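Please read the structure below before turning to the comments.
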Amino acid sequence: MKATTRVDPAVLRLLQLDADSTYVSSAGGGGCSSASTSKIVSKPNNGEERLFFMKMGTGSSAKIMFEGEHTSLNAINAVVPSLCPKSFGYGKFESNPQISFLVTEFLHLTGRRSSKGSGRSLAQKLAKLHTTPAPIPEGHNKPMFGFPVTTCCGDTAQDNSYKESWADFYAENRLRFILREGEKNQGDDKTFHSLVEATASEIVPRLISDDHLNNGKGVIPVVVHGDLWSGNASVGIIGDKDGEPEHVIFDSSACYAHSEFELGIMKMFGGFGSSFLEEYHEPCPKTEPVDEYEDRVKLYELYHHLNHWAMFGGGYKSGATSIMRSLLLKYGRS
């Protein structure tokens, strides 16, 4: 029997639920080492049972993480509603303001991602997400690369400040940013620093500059999940209603980016085979020049090696070094 407890008043107000008919029980999952998870069950006397999923964490980092995930999920859900749960909101417990929370639709996971789901496949849904232009941000009059709020990839709070150029965003907000984070956490290494800097200053403009991609037309920002390794994709039923299992994703770290940026972490950890990519690229073609596609994905994979090095150290540094040396050997100026 799972332990149950009363729901904090701040959560009840957010969801407009009655305290006497609502309780919290433990739930597995969470996708992040610094968050715990629970299931909220509401059983009104005159209505159907409703279920919600809640994450909880302590300190300022949890508030930042949950604001980012809330905004990320709803950005994806706005484009492809069946692809991820909708978030109802986030806040702080009234009973203990040190605890932050995030509440989303409940996701009943029914099996592995390889299981057959009803409706569109994951490849088709992801292609729909990646072929729909991101919204123009408030205060801007054109599409921008970035995101309205900070998002966390793992425990790394990412700089999503807007840039008009994708190459500028990737060099500054991803590569140079995560290098600084890594050096704070893991210490300085002049040779490694020089490799990242050379990649940002030479390889990024060579492979993904606006005047190079799509025959000089550049790329249009789209919503990407941002942390789509195979553990963040599955088959399940979203919400508390009966329905057929769908291909779903969760624990998102979204931004408005080049669609192929998504493929970097998918390649790093595997689990998405050639048939998946063939199906995905039918409605979402590879960016021109196509013959540099593999190297662009390798460049995007680099960020996740650097992020894992920044968080954990260890062998991720050697993986990043290998990618940078191969790209610099092929495309570098010296």
> Roughly what angle does helix 293-312 make with the longest principal axis of the chain, taking Cα atoms, 0 to 90 degrees, to the nearest 10?
Replying inline: 60 degrees
> Taking a point 7 angstrom from the Cα of THR150 along the C-beta vector, which residues in segment 48-83 have backbone N less than 15 Å away?
Replying inline: 58-71
> Accessible area of ARG176, 1.4 Å probe, to the nearest 10 Å²?
Replying inline: 50 Å²
> GluC sites (Glu not before Pro), restricted to segment 43-125: which are DSSP loop and have at most 13 other Cβ atoms within 10 Å?
Replying inline: GLU48, GLU49, GLU94
> Taking one equal scatterer on every alpha-carbon of the chain, how large is log10 of I(q)/I(0) by Debye at q = 0.12, 0.13 1/Å?
Replying inline: -0.86, -1.00
>> Counting only protein heavy atoms and a 1.4 Å probe, tell me what percentage of the chain's accessible area is made up of carbon and sulfur.
In response: 49 percent
> At a Förster distance of 25 Å, what's the computed FRET efficiency of THR131 paired with ASP211, Cβ-Cβ distance as r, to 0.05?
Replying inline: 0.65
>> Pick from GLY314, GLY231, GLY68 the residue whose mean-square fluctuation is largest in a GNM of the chain, springs joining Cα atoms under 10 Å.
In response: GLY314
> Top mean-square fluctuation among HIS247, HIS308, HIS212, Gaussian network model of the chain, C-alpha springs under 10 Å?
Replying inline: HIS212
>> Using C-alpha positions alone, give me the convex hull volume of segment 231-334 per residue in cubic angstrom.
In response: 151 Å³
> Helix 177-186 versus the longest principal axis of the chain: what angle, 0 to 90°, nearest 10, using Cα atoms?
Replying inline: 80 degrees
>> Looking at the chain as a GNM with Cα springs under 10 Å, which of SER318, SER165, SER274 has the largest mean-square fluctuation?
In response: SER274
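Beyond 16 Å, what percent of the Cα pairs of segment 5-105 remain? Kindly include the intermediate steps, with their values, before the conclusion.
Details: 2825 of 5050 pairs.
Distances greater than 16 Å cover 56 percent of the Cα pairs.
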>> Quick check on segment 145-188: what does the Kirkwood estimate of hydrodynamic radius come out to from the alpha carbon pairs, in Å?
In response: 10.9 Å
> In nm, to one decimal, how far is the ASN45 label point from the ASN141 one, both placed 7 Å along Cα→Cβ?
Replying inline: 6.0 nm
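Under the rule a/c < 1.5 gives rounded, and otherwise a/b versus b/c splits prolate from oblate, where does segment 133-247 land using the Cα gyration tensor?
oblate
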> Just how much of ASP291 is accessible, in Å², when a 1.4 Å probe is used and the result is rounded to the nearest 10?
Replying inline: 130 Å²
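The values are calculated or read from the model by the stated rules, or taken from the named source; none is laboratory data. Just so you know, these numbers come straight off a predicted model, no measurement behind them. All Cβ positions, even for glycine, are placed from backbone atoms using ideal geometry, and neighbour counts span all protein chains on display. What goes into the accessible areas is simple: the full protein's heavy atoms, side chains included, and nothing from ligands, DNA or RNA. Shrake-Rupley method; radii C 1.70, N 1.55, O 1.52, S 1.80 Å.
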